[in-house]
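Undergrad: First the structure, then my questions, so here it is.
The values are calculated or read from the model by the stated rules, or taken from the named source; none is laboratory data. Note that this is a predicted model, so its numbers are computed, not measured. Backbone-built Cβ (ideal geometry, glycine too); neighbour counts: all protein chains shown. Each accessible area value is taken on the protein alone, full model and side chains, heavy atoms only, with ligands, DNA and RNA left out. Shrake-Rupley method; radii C 1.70, N 1.55, O 1.52, S 1.80 Å.
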Amino acid sequence: MAVDSIISICLGIGLAASVGFRVFLPLFTLSLAACFNVWELNESWQWVGSSVALITLGVATIVEIFAYFIPFVDNALDSIAVPLAALAGTAVMLSTVSDLSPVVTWALAIIAGGGTAAAISGSSGTTRLASTATTGGLGNPIVSTVETGTSIVMSVLSIFVPVIAFLFVILILFIIFKLYKKFSRPKASNR
């Protein structure tokens, strides 16, 4: 496998993880990168670098970020975010992976891209529900700020240093796994 292919896979996985926190922000970042020739997209995804896509994704990004700061709207968005994140994670992998057969590209896109985005999106939705339950929603803006910041950092890292972004994805997934194990342990019954 060529170095370019490995870097493109790291980019796709990094952006897919970022999609798990905010659906449109990584797509907007990818559009900016394509528009300014920082990253070359696959031939069938060149439209992402167009002015129309850049403006549309920019507006969608702003609306999404601000919507997550509105109480109860944030929880409603989380209910649709997991399937949207899975689709967007798959799309960013498809648009960035280069020099691989279509079968391998689609398998990576669905499993690594969509799977990573869905896992992170589901975790962040669960975090917001826990915040709503424990703080009455007062802690949700903090959760939203952290998610948006993480999405920005992951998107920028993915574009400029994809291998580092990939390592951060592994770290994030490891933390999610550890937290899941910690909170899913059966409680010992008092007999």
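Undergrad: Being within 20 Å of Leu27 (Cβ to Cβ), assigned to a helix (DSSP H, G or I) and either under 15 Å from the mean Cα position of the chain (by Cα) or modelled with pLDDT under 90 (or both), is that true of even one residue in region 124-141?
TA: Narrowing region 124-141 to residues within 20 Å of Leu27 (Cβ to Cβ): 124-125.
Checking which are assigned to a helix (DSSP H, G or I) leaves us with 124-125.
Filter once more, so that each one left must be either under 15 Å from the mean Cα position of the chain (by Cα) or modelled with pLDDT under 90 (or both): 124-125.
Checked region 124-141: at least one residue is within 20 Å of Leu27 (Cβ to Cβ), assigned to a helix (DSSP H, G or I) and either under 15 Å from the mean Cα position of the chain (by Cα) or modelled with pLDDT under 90 (or both).
Undergrad: Go through region 55-77 and count every residue that is over 11 Å from Leu25 (Cα atoms) and either in contact (Cβ under 8 Å) with a residue 24 or more places away in the chain or part of a helix (DSSP H, G or I) (or both).
TA: 13
Undergrad: Determine which single condition Ile111 fails, assuming it passes every other condition in (1) over 15 Å from Val19 (Cβ atoms); (2) open to solvent by 90 Å² or more (accessible area, probe 1.4 Å).
TA: (1)
Quick grid of which residues meet (1) of a type outside the set (A, V, I, L, M, F, W, C); (2) at negative phi; (3) buried (at least 21 other Cβ atoms within 10 Å of the Cβ):
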position	(1), (2), (3)
Ile6	no, yes, no
Ala16	no, yes, yes
Arg22	yes, yes, yes
Cys35	no, yes, no
Glu43	yes, yes, no
Ser50	yes, yes, no
Thr56	yes, yes, no
Phe66	no, yes, no
Ile70	no, yes, no
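Undergrad: All but one of (1) loosely packed, with under 14 Cβ neighbours inside 10 Å; (2) more than 23 Å from Val146 (Cβ to Cβ) hold for Ser98; state the number of the condition that does not hold.
TA: So the condition that Ser98 fails would be (1).
Undergrad: In addition: Taking the criterion of being open to solvent by 40 Å² or more (accessible area, probe 1.4 Å), in a helix (DSSP H, G or I) and within 22 Å of Asp74 (Cα to Cα), would at least one residue in region 159-173 satisfy it? Lay out the reasoning, then the answer.
TA: Residues of region 159-173 open to solvent by 40 Å² or more (accessible area, probe 1.4 Å): 160-161, 163-164, 166-168, 170-171, 173.
Now restrict to residues that are in a helix (DSSP H, G or I): 160, 163-164, 166-168, 170-171, 173.
Remaining after also requiring within 22 Å of Asp74 (Cα to Cα): none.
Checked against the condition, which is being open to solvent by 40 Å² or more (accessible area, probe 1.4 Å), in a helix (DSSP H, G or I) and within 22 Å of Asp74 (Cα to Cα), region 159-173 yields no hits at all.
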